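The values are calculated or read from the model by the stated rules, or taken from the named source; none is laboratory data. These numbers were taken from a predicted model, which means no experiment stands behind them. As a convention, Cβ positions derive from the backbone with ideal geometry for all residues, glycine included, and neighbour counts pool all protein chains shown. Remember, those area values only see protein heavy atoms, side chains included, never the ligands or the DNA or RNA. Shrake-Rupley method; radii C 1.70, N 1.55, O 1.52, S 1.80 Å.
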Amino acid sequence: MTFGEQPAYLRVAGDLRKKIVDGRLPPHTRLPSQARIRQEYGVSDTVALEARKVLMAEGLVEGRSGSGTYVRERPVPRRVARSGFRPERGATPFRQEQADGDVRGTWESSSEQADACGAIAERLEVEPGDRVMRTRYLFREAGEPMMLSTSWEPLALTGRTPVMLPEKGPLGGMGVVERMRAIDVIVDNVTEEVGARPGLAEELVLLGGVPGHVVLVIQRTYYASGRPVETADVVIPADRYRVAYHLPVK
């Protein structure tokens, strides 16, 4: 194969993908059979099979037991608006994760104490094994799962305070900035790093995806005078949402 030349299965997958995108293979249409692909493109069974696997991994087609492989309905991506650091009072966890004021959502959560693993300890600048409060969230928009979040807070900071449990106590359900202010910790900065990866099986079950779907992962950390006070992984289905940032110019 010369430099820049694609393997045969990618060329076949690319042509089928183009037909799906431009509507020649509309949603709910059965994908050409392996024998038809082999005949139409002059390729082997192996190449035809691998091309179908590519489209399935990309979430463009889905297998239906005993029926075949069909083009999936492609959702129109909606926006998850983020605006970086927001010091306003009264920010709920949903508002903390979704900056669009016109969007209304709900969330479910559960908290438990845990030992900080190496990666989380590094992000919080604590020792591996130090105790943290881990809180898992499932956010919904109009009843549809839209986002997962897992946050970690060092118990050396919040333990035995009214804000130890993010969803309980006098400030239960408020955002990180408001809760930390209540214990005289002033959050003054936040960082977010955005990446993408295949969704984990347990994530896709909660978000309503299928194996192979890609998710966006936002790694967020809040700081107070340079000290990390909370870090979180926010997981968003990439086929249904786009992340839009609104950052002030200073």
> Taking segment 158-171 on its own, how many of its residues are open to solvent by less than 30 Å² (accessible area, probe 1.4 Å) and out of contact with any Ser or Thr (no Cβ under 6 Å at 6 or more places or on another chain)?
Replying inline: 3
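Take the residues of segment 115-137 that are outside any helix (DSSP H, G or I) and touching a Ser or Thr at 6+ places or on another chain (Cβ under 8 Å): which is nearest to GLU97 (Cα to Cα)? Quick ask: steps written out before the conclusion?
The initial filter retains those residues of segment 115-137 that are outside any helix (DSSP H, G or I), namely 115-117, 125-137.
Checking which are touching a Ser or Thr at 6+ places or on another chain (Cβ under 8 Å) leaves us with 133-137.
On the way: MET133: 19, ARG134: 17, THR135: 14, ARG136: 13, TYR137: 11 Å.
The extreme case among them is TYR137.
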> Out of all the residues in segment 176-189, is one or more at pLDDT 95 or above, over 10 Å from the mean Cα position of the chain (by Cα) and polar (S, T, N, Q)?
Replying inline: no
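Residues PRO128, PRO93, PRO87: which one is farther than 30 Å from GLN34 by Cα, surrounded by 12 or more Cβ atoms within 10 Å (Cβ to Cβ), in contact with a helix residue (DSSP H, G or I) (Cβ under 8 Å, 6 or more places away or on another chain) and modelled with pLDDT under 75?
Working: PRO128 fails: modelled with pLDDT under 75; PRO93 fails: in contact with a helix residue (DSSP H, G or I) (Cβ under 8 Å, 6 or more places away or on another chain).
Only one candidate qualifies: PRO87.
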> If only one of GLY199, GLY159, GLY195, GLY226 is over 22 Å from GLU122 (Cβ atoms) and either touching a Phe, Trp or Tyr at 6+ places or on another chain (Cβ under 6 Å) or among the small types (Gly, Ala, Ser) (or both), which one is it?
Replying inline: GLY199
>> One residue is enough: does segment 215-225 have a residue meeting the conditions within 30 Å of ARG64 (Cβ to Cβ), in contact with a Pro (Cβ under 7 Å, 6 or more places away or on another chain), open to solvent by 60 Å² or more (accessible area, probe 1.4 Å) and at pLDDT 90 or above?
In response: no
> (1) modelled with pLDDT of 90 or more; (2) within 21 Å of ARG227 (Cα to Cα); (3) surrounded by fewer than 18 Cβ atoms within 10 Å (Cβ to Cβ): which one isn't true of GLU108, the others all being true?
Replying inline: (2)
> Taking segment 35-59 as the search range and keeping residues that are touching a strand residue (DSSP E or B) at 6+ places or on another chain (Cβ under 9 Å) and in a helix (DSSP H, G or I), which one is most open to solvent (accessible area, probe 1.4 Å)?
Replying inline: MET56
